[in-house]
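The block underneath contains the structure these notes are about, expressed in structure tokens.
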Amino acid sequence: MKSNTFDKVLETLSNQLYVSQIMVTEPDFCTRKDNPLTILDIMNKENYDIMPLKENGKLTGYVERNLLEEKKQIQQATQQITVDLIVSADTCVHEMVDLFQRSRFFFVNKGNDLVGLVTYADLDKIPMRTWLYILISQFEFLLLELIKKFCRTRAWLSKLTPERLDKIKNLHDKKMENDTDISLEDCLNLGDMIELLECDSKLRSFVGYKSKSSCKKACSGLDDLRNNVMHPSNSLIKNYAGVKTLCKRIKRLQVSIERIKPTLSKHE
């Protein structure tokens, strides 16, 4: 497999994973005639920051929980749906990470109608995880190729702890027993590879990092991101502050990939 294969898959996915696939098409809603205390109770129970307001079968506004707690009236707690709070149903899922920097939620437009609601918590759904999986896999693939190409004497063995080396060797032995043709390097996990990149000055220089600290900063959180993506029970975003963290990690991932690509291309 080559890196450009990942590029093609990512391009295909990016053009096929839309907001319409993660939005809530029938969100809980209220009307102006509802009991405000009942609506507030629902919002507190479900931890809703806002609740759409529906009139004549259409979404026409939204109620803010904080305002409802203060005013105790739906009318006075209702806000208009402004243009900056609307996204197209055809917006690519990964683009929403940046958009959620300015708002916790967006109403989704299709044609001339508002057809759903998408919140930052929806980034935890399968479409976003699928896109991230390919991106992380590309990073792992490139990093492994870098190690195989420039650590042929296996000098990296001295960079890892004895405990970690034992686990890698045991895994390699088990795979070899099952007639799996695999190298010792193939048994490294992403955490191992990032550690090698940080500790090995030769590898760092090839990728353009001048120091261990700069490399460590550039790769910060990428192993955690990988583990969260690979384990569906792990949340990508635990709260709204997590959107900013996710955004930073994705950008670090993309920058790291673009740093490694030309190095491998020059030595093909």
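Any read-out appearing in this document is the output of simple, stated calculations on the displayed coordinates, not a laboratory observation. Quick caveat: nothing in here was measured; it's all calculated off a predicted structure. Note that we place each Cβ from the backbone using ideal geometry, even for glycine, and neighbour counts take in every protein chain shown.
So the values come out like this:
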| read-out | value |
| --- | --- |
| Residue (of 91, 40, 23) at the positive-pole extreme of the chain, dipole from beta-carbon charges | 91 |
| Spacing of the two label points (7 Å from each Cα toward its C-beta) at residue 224 and residue 5, in nm | 3.2 nm |
| Gaussian network model of the chain, springs between alpha carbon atoms under 10 Å - residue of 190, 132, 85 with greatest fluctuation | 85 |
| Rounded Å value of the spacing that divides the Cα centres of the stretch 237-254 and the stretch 126-165 | 21 Å |
| Charge tally in the Cβ shell below 12 Å around residue 223, where Lys, Arg are +1 and Asp, Glu are -1, residue 223 excluded | -1 |
| Neighbour net charge for residue 105 - beta-carbon separation under 10 angstrom, K R +1, D E -1 | -1 |
| Per-residue [θ]222 nm for the chain (sum of -39500 (n - 2.57) over DSSP H runs n ≥ 4, rounded to 500) | -16000 deg cm²/dmol |
| Order of 266, 261, 244 - criterion: other Cβ atoms within 10 Å of each residue's Cβ, fewest first | 266, 244, 261 |
| Computed FRET value (nearest 0.05) for residue 149 with residue 181, which takes r as the C-beta separation and R₀ as 30 Å | 0.95 |
| Count, lysine Cα pairs under 26 Å in the stretch 3-120, 8 or more residues apart or across chains | 15 |
| Ascending count of other beta-carbon atoms within 10 Å, so fewest first, for 203, 157, 117 | 157, 117, 203 |
| Dipole magnitude (debye, nearest 20) for the chain, charges at Cβ of Lys, Arg, Asp, Glu | 1000 debye |
| Neighbour-count order for 72, 159, fewest beta carbons within 10 angstrom listed first | 72, 159 |
| Label zone at residue 214 (point 7 Å along Cα-to-Cβ), backbone N below 20 Å, the stretch 167-200 | 194-200 |
| Isotropic mean projected area of the C-alpha convex hull, the chain (nm²) | 18.1 nm² |
| Hull shadow area, averaged, the stretch 76-177 [alpha-carbon convex hull, nm²] | 11.9 nm² |
| Net charge over other residues, Cβ less than 13 angstrom from the Cβ of residue 160 (K, R count +1; D, E count -1) | -2 |
| The stretch 126-266, dipole about Cα centre (Lys/Arg Cβ +1, Asp/Glu Cβ -1), debye to the nearest 20 | 860 debye |
